[in-house]
Amino acid sequence: MFSPKREYEAVGEAYAQRPPKGTPECIALPGTERPGRSRIYRHWQSGSGELLKTLDPQVLTAHDIFESSVSRNPKNRCLGARAWDPVTKTWGPYQWMDYQTVQKRRAALGVGLVELHSRIGVQGAQYGVGLWCQNRPEWQITDLACMSQSLYTVSMYETLGVEGTKYIIDNAELRCVVTSLPHVSTLIELKRDLPLLKLIVCMDPLDAGEQLGHSKRDILAPLAAAAGLEIYTLSEVEELGASLNRPCNPPSPDDIITINYTSGTTGNPKGVVLTHRNAVSATSSGMGSCMHYPTDILASYLPLAHIFERLMEHMSLWAGGSIGYFHGDILELVDDFKVLRPTLIASVPRLYNRFGGAIRASSVEAPGFKGTLSRHVVNTKIANIQRPESPTNTHMLYDRIWSKKLLLRSNSILKEYYKNPEETANALTEDGWLRTGDVCQVDHLGHFTIIDRRKNLLKLAQGEYVSPERLEGIYQTACSYISQAFVHGDSAQTALVAIMGVQPDTFATFASRVLEKTIAPDDMEAIRAAAADERIVRAVQADLDRAGKEHRLAGFEKVKAVAMVVEPFSIENGLLTPTLKLKRPQTATTYRALLDELYKRVPAEKKPLKRRAKAKL
C-alpha cells in the first residue's frame with residue numbers, strides 16, 4: 001500500500017526551502033483585504049493554491065503515518081525507556097522496541113479495548129479512551145491502539161489535580177481510563193462522582209511477586225469492585241485482543257483523533273476536538289519546518305497531554321525515528337540525555353532559560369581566560385549576524401500598534417470545542433478563521449512576530465500598553481540567575497514592578513560575587529537570605545536596567561522595583577498550568593501584599609522644573 005521510497009522527505013525538504021534572499025517568507029494576496037482585516041498572507045510557495053494537507057497522498061490519517069513507517073522501517077528502534085535496577089538503585093540503559101513490535105502490541109491492545117467496551121454495553125466506534133500518566137512507551141502504544149480501531153484518546157496532565165481530572169473524565173463521558181499505578185486509587189475514589197466510568201486499565205503490573213494476598217491486585221481489586229469498576233493490566237488487555245484475532249478498523253480523515261483539553265489558565269479546561277485530517281496537516285507542516293529522519297532520536301519529556309509533544313512524536317513516527325522517554329524526574333533530565341544522546345528535543349521557554357543560564361554561567365559569564373575567550377567568540381558571531389549583507393533582521397524594535405490581532409486558517413485548525421458551542425463561536429469566525437488571541441506584527445519580509453497574548457497586555461495609568469511576557473523573556477535571557485519572572489503593571493500605576501524566581505546554582509555564583517562570600521548552590525537557607533539582601537536587590541536592579549538599555553526599552557517598559565524569591569510559581573501552588581504557563585490573575589492575587597510593597601519602593605517620578613518667568617520692567 002505504501003511506497004518504500006521516502007517521497008515525503010523530498011516534498012518536506014522542498015517545502016522547507018527559504019525564499020530567494022530579500023523576498024518575503026509570506027506573501028500578501030492582492031484583493032483579499034476587507035473592512036477590519038488586512039490582506040491574507042500565505043506561505044511564499046503556496047500563493048493562492050491549496051493549503052497543505054499531507055506530504056504523501058497515501059497518508060491521510062495518523063494511523064496511516066504509523067503504518068507507512070512500519071512498512072519502511074520494521075526493524076528500526078521505535079520506543080525506548082530506562083528500567084529501574086532495584087539492586088544498584090539506578091536507572092539502566094534504554095531498552096527499545098522496534099516498529100513491528102509496537103505495531104503488533106498496539107493492534108492487540110486496540111482489539112482488547114474494543115472488546116472490554118462491548119462487554120459493558122458500548123458499541124460502535126468513535127468513543128473516547130482516557131490516558132492519565134507521565135510520558136512513557138505505553139502512552140504512545142495506547143494512542144496508536146485507539147487509532148487502529150477508530151477510537152480517540154483524551155489525555156490528562158499528570159499534574160492536573162483531582163478536580164481537573166474529574167471534570168475532564170465527566171465532560172468527555174469516558175468509560176475507560178488507561179493509567180499508571182499511582183492514579184488507580186484516585187480513580188477508585190472519584191468513581192462516586194463519575195457514573196459512566198466502568199474500566200481502569202493499569203499500565204504497571206499488579207502482581208509483582210508479593211506474598212499471597214498482599215499483591216497490589218489483592219488490595220485494589222476489591223476496592224474497585226465495591227465502587228463498580230473493573231480493573232485490568234495493559235498486558236491482560238493485550239492478551240485478550242491477541243486471542244480474538246480481529247483486524248484493525250482504521251479511521252477516516254474526518255474521524256476524531258483526540259479531544260485535547262486546555263490546561264485551564266482560567267476556569268474549567270476546554271476540550272479541543274482534533275481530527276486525523278488536522279493531525280496529518282500539522283505533522284506535514286512540522287516536517288516542512290524541521291524534517292525528521294530515521295536516524296534521529298527524540299527525547300520525550302514535555303507532557304504528551306500537550307499537543308506540541310504529541311506533534312513531535314508523530315513527526316518522529318512518520319520518519320521511522322526513535323523516541324526515548326525520560327525516566328520521570330525532570331530534575332534528572334540531563335542524566336537521561338547523557339544516556340540517550342538525543343538529536344532532537346522539544347522544550348518550552350522556562351526550560352530553555354534554565355539550560356541557557358547554565359550554559360552562560362559556564363561560558364560567557366565564567367571568570368578568567370575561559371570567560372574572556374567565550375565572550376570573544378560570541379561577540380564575533382553576533383557581529384557577523386549583524387553585517388549589512390546578512391539576511392537576518394538586525395533590530396529588535398516593535399511596531400507598537402496593538403490592534404493587530406492574529407487570525408489563522410489551515411487544515412490543522414481545531415474542529416470545535418467539545419460540547420461548547422459558545423466557546424467555538426468565540427474561537428472561530430464564520431469563514432473558518434481561528435481567533436488566536438495573539439497580538440502580532442508583520443515586517444516587509446513577511447515575518448510574523450508574536451508580541452503577546454492580547455489578554456496579557458497591560459495598560460498603565462499614563463495610557464501606554466505593555467507586553468509583560470516579552471519583557472519577562474528579555475530579563476530572563478539577560479540574567480542567567482533568574483529562572484522565573486512575573487512583570488506586573490496596574491492601570492492605577494505608572495510603573496512596572498517584578499517578582500523574579502532564582503535559579504539556585506547560577507544565583508549562588510552571582511550572590512557570592514555580590515556579597516563577597518561563598519554561598520553553596522544547595523544551601524537553600526543561605527540562598528533565601530541572599531535573595532532578600534538589599535545589596536542583591538540593588539545588583540539585580542542594575543542588571544535589569546542594563547538589559548532594558550541594551551534592548552532599547554521605553555521608559556515605561558522598564559521594571560522599577562524587583563523582589564527575588566525562591567520558586568515563587570509552581571504547579572503545586574496553583575500559579576503555573578501543567579504546561580508551565582503563568583496564571584497571571586492568580587499570581588497577582590497571591591502576591592498582592594508583596595506587589596504593594598514593591599510599588600512603595602518605586603522611585604518618585606522627577607517632574608521637569610518649570611522655568612521661572614522673567615519679571616516685567
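Tabulated values for the structure
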read-out: Mean separation of Cα contacts under 8 Å, 6 or more apart, over the residue count of the chain: relative contact order %; value: 12 percent
read-out: Global form of the range 462-562, assessed from the alpha-carbon gyration tensor, a/c cut-off 1.5; value: prolate
read-out: Hz values of 3J(HN,Hα) by residue in the range 84-93 - Karplus curve (6.51, -1.76, 1.60), Gly and Pro given as x; value: 7, 9, x, 6, 8, 6, 9, 8, x, x
read-out: Förster-model FRET efficiency, 41 Å R0, Glu422 and Gln45, C-beta, rounded to 0.05; value: 0.65
read-out: Cα-based shape type of the chain, given that a ≥ b ≥ c are square roots of the gyration tensor eigenvalues and the cut on a/c is 1.5; value: prolate
read-out: In nm, spacing of pseudo-spin labels at Ala14 and Gln58 (7 Å Cα→C-beta vector); value: 1.8 nm
read-out: Farthest toward positive dipole pole in the chain [+1 Lys/Arg, -1 Asp/Glu at C-beta], among Ala508, Asn384, Leu240; value: Asn384
read-out: Charge-dipole axis of the chain as Lys and Arg at +1 and Asp and Glu at -1 on Cβ define it, positive-most pick from Leu344, Gln45, Thr142; value: Gln45
read-out: Gyration tensor verdict on the range 309-365 (Cα atoms; rounded if a/c is under 1.5, prolate if a/b is larger than b/c, oblate otherwise); value: prolate
read-out: Unit charges at the beta carbon, dipole of the chain: most positive-side option, Leu434, Gln58, Val334; value: Leu434
read-out: Amide H partners (placed H, <5 Å) of Glu567, local residues excluded; value: Val502
read-out: Residue exposure sequence - Cys133, Cys290 - by fewest surrounding Cβ within 10 Å; value: Cys290, Cys133
read-out: Gap separating the Cα centres of the range 161-237 and the range 531-579, nearest whole Å; value: 44 Å
read-out: Whole-Å distance, taken between Cα centres, linking the range 45-116 and the range 239-302; value: 11 Å
read-out: Charged-residue dipole, Cβ positions (Lys, Arg, Asp, Glu), the chain about Cα centre, Debye nearest 20; value: 3120 debye
read-out: Förster radius 35 Å - calculated FRET efficiency between Glu534 and Ala366, Cβ distance, rounded to 0.05; value: 0.80
read-out: Karplus-derived HN-Hα couplings along the range 148-163 (A = 6.51, B = -1.76, C = 1.60, θ = phi - 60°), whole Hz, x at Gly and Pro; value: 5, 10, 6, 8, 10, 9, 10, 9, 10, 5, 4, 9, 5, x, 5, 5
read-out: Approximate spin-label separation Lys404-Lys381, in nm, with each point projected 7 Å along Cα-to-Cβ; value: 2.9 nm
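All of the numbers you see were taken from the coordinates with simple rules; none came from a lab. Since this is a predicted model, take the numbers as computed values, not measurements. In this analysis, Cβ positions are derived from the backbone assuming ideal geometry, glycine residues included, and neighbour counts consider all displayed protein chains.
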